Amino acid sequence: MEHSPPPFFKRGPTPLVRLLLCSLLSIALLIADARYRYLDDIRLVAAVIVYPLQRLAAAPGEMLARIGEFFVAQSTLHDNNLRLAEQNLLTGAKLQKYNALAAENAHLRELLAARQRFPERTIAAEVLYAGRDPFTRKIIIDKGEQHGIKAGQPAIDQLGVIGQVTRVYPWLAEITLVTDKEQLVPVQNVRNGLRAVLGGTGSTDQLELKFIPLNADFQNGDQLTTSGIDGVYPPGLPVAAVSNVERNAAYLFARIICKPVAGVSSRNQLLVLNWENKMPQRPADEEKPMRPKKSRRGG
Amino acid sequence: MQPRDIAPHEILLPVRPVFIVFTLLAALLVNLLPWSGAMLTLKPDFVALVVLYWCIQQPRKLGFTVAWLMGLIMDVADGTLFGQHALAYSVLAFGGIVLHRRVLMFTMKDQILHVIPLLLVNDLIVLVIRKFGGADFPGFSYFVGSFIAGALWPLLSFLLKLPQRPVPDPDNV
């Protein structure tokens, strides 16, 4: 290269022209992606190409964890084992009761000719890494389309809702946490059955109930569970607990801050609910009677 | 008169394209490491840093196309809107290519003073695009990464220049 002709011959377009071209192309891509979602297929292909790199980058952390597992003392394992066996016994007893109740419930629902609740299947997944984007709260898990994950499915841990699958790649999936600013969860107050919409605030440990009138009955410590009316989350999953209620008559709505119950930003394993909600078909929009066109020309 | 602040000019071997590709991939890999929490806010954008380095050092070997493609890869890996890193890296490449003669005349300390504003502009472009997308400002700690990247510049220049340093031949002094 050093022996090629001096740079002021053959250099192609000037940097400014190239910059303009690149910028225009980028902005076109931005618009195509944000407005029209044309590029999802291309993203899928590109994601497959990047996938080995992502796994490679996640490898050192996984390896460290594996090595750490080797150095667990035998007594700790023994204690853990005992504790888990005990817990298993307890949950087994509860499960028996639950099975009996589920059977009874199914029977009662049959009697009432009510819609059966569909058993949900779960897919266990491991968090590969937290999203590196400081603007959003997202995590990437190691299961994807190939494992039966679809966009829109809810993700939970043993305590409650963590988030929702928002993007699916062949072997990975992206979960938007409930703490993300754009993520909304329809919830119900366990104490009095009031329905509300819970939204993230963008900070790691805070949720906010949206558009609650000042006089609505929400108190500190109220448990919020999913209401299930959206058809995305199954009803009855714990989501958050109210931690602070601020009623200021200067504002239209009460400011109700909640804390998520699940380990939203600390969990390494989670379950994705493969939950198909067989909602009854939405009634078709009634055709509005066509209004006779006004003719400008007088008959 | 002794010019005080001019970097001594080294005579280096030509750089091998394979090495450029290797460093870009390595930077991508470091960016893809599972960063989280405080480390995430402090993490410099290594891909931006390496792209800028090569644009300053070898503007004829690598330019807008590579910067733009690396931006697209970062967009896919981060799951963000297509084109935001691509746009930011293109502007970064422009800065690097336009300023490359000037930057290389300076000593390391003054080079850092050139690099940090360029990286800040890079951050700012991503920030503005995210703002249009409706995201919240993540706080001023968002910009800290670029200052750390600036601090890493001397180390990076040293490491990336290693394969270009001629091996002294004892028979031929």
Does A:Arg66 satisfy being over 24 Å from the mean Cα position of the chain (by Cα), away from chain B (no Cβ under 14 Å) and closer than 30 Å to B:Val76 by Cα?
yes
When (1) at pLDDT below 90; (2) away from chain B (no Cβ under 14 Å); (3) under 16 Å from the mean Cα position of the chain (by Cα) are applied to A:Val197, the one that fails is (1)
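Hey, any hits in the stretch A:113-121 for a residue that's touching a Gly at 6+ places or on another chain (Cβ under 9 Å), within 24 Å of A:Leu273 (Cβ to Cβ) and in a strand (DSSP E or B)? Let's see the steps before the verdict.
Our first condition is that a residue be touching a Gly at 6+ places or on another chain (Cβ under 9 Å); within the stretch A:113-121, this holds for A:121.
Checking which are within 24 Å of A:Leu273 (Cβ to Cβ) leaves us with A:121.
Add one more test, that the residue is in a strand (DSSP E or B), and what stays is A:121.
Yes, the conditions are met somewhere in the stretch A:113-121.
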Residues of the stretch B:27-62 being away from chain A (no Cβ under 12 Å) and either of a type in the set (Val, Ile, Thr) or over 13 Å from the mean Cα position of the chain (by Cα) (or both), which ones?
B:Val50, B:Val51, B:Ile56
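Please verify whether B:Tyr142 is at pLDDT 90 or above, in contact with a helix residue (DSSP H, G or I) (Cβ under 7 Å, 6 or more places away or on another chain), of a type in the set (Phe, Trp, Tyr) and under 30 Å from A:Ile42 (Cβ atoms), treating the condition exactly as stated.
Working: at pLDDT 90 or above: no; in contact with a helix residue (DSSP H, G or I) (Cβ under 7 Å, 6 or more places away or on another chain): yes; of a type in the set (Phe, Trp, Tyr): yes; under 30 Å from A:Ile42 (Cβ atoms): yes.
Judged against the criteria, B:Tyr142 is not a match.
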Sort out which residues of the stretch A:18-38 are at the interface with another protein chain (Cβ under 8 Å from one of its Cβ atoms) and under 22 Å from the mean Cα position of the chain (by Cα), and write them in order of number.
A:Asp33, A:Ala34
Return the pair list, or none, for Cβ contacts closer than 7 Å from residues in the stretch A:51-62 that are under 11 Å from B:Leu29 (Cβ atoms) to residues that are assigned to a helix (DSSP H, G or I) and modelled with pLDDT of 85 or more, at least 6 apart or on different chains.
A:Leu53/B:Leu28; A:Leu53/B:Leu29; A:Leu56/B:Leu29; A:Ala57/B:Leu29
With the requirement that a residue be buried (at least 18 other Cβ atoms within 10 Å of the Cβ) and within 10 Å of chain A (Cβ to nearest Cβ), what does the stretch B:15-26 give you?
B:Val15
Test: residue in the stretch B:125-136 that is touching a Leu at 6+ places or on another chain (Cβ under 7 Å), within 12 Å of chain A (Cβ to nearest Cβ) and under 21 Å from B:Leu62 (Cβ atoms)
yes
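Looking only at residues that are small (Gly, Ala, Ser) and within 13 Å of the chain's Cα centre (by Cα) in the stretch B:139-173, which one is surrounded by the fewest Cβ atoms within 10 Å (Cβ to Cβ)?
Pass one, the stretch B:139-173, residues small (Gly, Ala, Ser): B:139, B:141, B:145-146, B:149-151, B:157.
Then drop every residue that is not within 13 Å of the chain's Cα centre (by Cα), which leaves B:145-146, B:149-151, B:157.
Working: B:Gly145: 22, B:Ser146: 23, B:Ala149: 25, B:Gly150: 21, B:Ala151: 13, B:Ser157: 17.
That would be B:Ala151.
Based on this model, can you work out whether B:Gly96 counts as of a type outside the set (A, V, I, L, M, F, W, C) and part of a loop (DSSP other than H, G, I, E, B)? First the steps, then the outcome.
On the way: of a type outside the set (A, V, I, L, M, F, W, C): yes; part of a loop (DSSP other than H, G, I, E, B): no.
Here the answer is no, as B:Gly96 does not meet what is asked.
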So how many residues does the stretch A:229-246 have that are assigned to a loop (DSSP other than H, G, I, E, B) and surrounded by fewer than 17 Cβ atoms within 10 Å (Cβ to Cβ)?
5
Those residues of the stretch A:200-209 which are modelled with pLDDT of 90 or more and either surrounded by fewer than 23 Cβ atoms within 10 Å (Cβ to Cβ) or acidic (Asp, Glu) (or both), in sequence order
A:Glu208
In the stretch A:210-228, anything in a loop (DSSP other than H, G, I, E, B), among the hydrophobic types (A, V, I, L, M, F, W, C) and surrounded by 17 or more Cβ atoms within 10 Å (Cβ to Cβ) is listed as A:Ala216, A:Phe218
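Quick one: count up the residues across the stretch B:93-116 that are farther than 21 Å from B:Phe158 by Cα and crowded, with 21+ Cβ neighbours inside 10 Å. Quick ask: steps written out before the conclusion?
Going through the stretch B:93-116, the residues farther than 21 Å from B:Phe158 by Cα turn out to be B:94-95, B:98.
Of the ones still in play, those that are also crowded, with 21+ Cβ neighbours inside 10 Å are B:94-95.
Residues flagged as farther than 21 Å from B:Phe158 by Cα and crowded, with 21+ Cβ neighbours inside 10 Å within the stretch B:93-116 amount to 2.
Has the stretch A:104-127 got any residue that is of a type in the set (A, V, I, L, M) and within 14 Å of chain B (Cβ to nearest Cβ)?
yes
State which residue is surrounded by the fewest Cβ atoms within 10 Å (Cβ to Cβ) when the search covers only the stretch B:49-79 and only residues that are under 19 Å from B:Lys161 (Cα atoms) and of a type in the set (D, E, K, R). Talk me through it step by step, then tell me what you get.
Taking the stretch B:49-79 first, the residues under 19 Å from B:Lys161 (Cα atoms) are B:49-63.
From what is left, the residues that are of a type in the set (D, E, K, R) are B:60-61.
Values: B:Arg60: 12, B:Lys61: 15.
Restricting to residues being under 19 Å from B:Lys161 (Cα atoms) and of a type in the set (D, E, K, R), the top hit is B:Arg60.
Would you confirm whether any residue within the stretch A:146-157 is buried (at least 16 other Cβ atoms within 10 Å of the Cβ), assigned to a loop (DSSP other than H, G, I, E, B) and basic (Lys, Arg)? I'd like the intermediate steps shown before the answer.
If we filter the stretch A:146-157 for residues that are buried (at least 16 other Cβ atoms within 10 Å of the Cβ), which is where we start, we get A:147, A:149, A:153-157.
Retained after the next criterion (residues that are assigned to a loop (DSSP other than H, G, I, E, B)): A:149, A:153, A:157.
Those still in the list that are basic (Lys, Arg) too: none.
Within the stretch A:146-157 (the criterion being buried (at least 16 other Cβ atoms within 10 Å of the Cβ), assigned to a loop (DSSP other than H, G, I, E, B) and basic (Lys, Arg)), the answer is no, since none of the residues qualifies.
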Cβ pairs under 6 Å, 6+ apart or interchain, first in the stretch A:131-156 and facing chain B (nearest Cβ under 7 Å) and of a type in the set (Phe, Trp, Tyr), second surrounded by fewer than 22 Cβ atoms within 10 Å (Cβ to Cβ) and not in a loop (DSSP other than H, G, I, E, B), ordered by first then second residue, are A:Phe135/B:Arg130
Since A:Asp41 meets every condition but one in (1) assigned to a helix (DSSP H, G or I); (2) surrounded by 11 or more Cβ atoms within 10 Å (Cβ to Cβ); (3) within 14 Å of chain B (Cβ to nearest Cβ), which condition does it not meet?
(2)
Only one residue in B:Pro3, B:Pro34, B:Pro14, B:Pro8 is at pLDDT 85 or above and outside any helix (DSSP H, G or I). Which one?
B:Pro14
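The values are calculated or read from the model by the stated rules, or taken from the named source; none is laboratory data. Because the structure is a prediction, the values reported are computed rather than measured. No Cβ is skipped: glycine too gets one built from the backbone with ideal geometry, and neighbour counts run over all protein chains shown.
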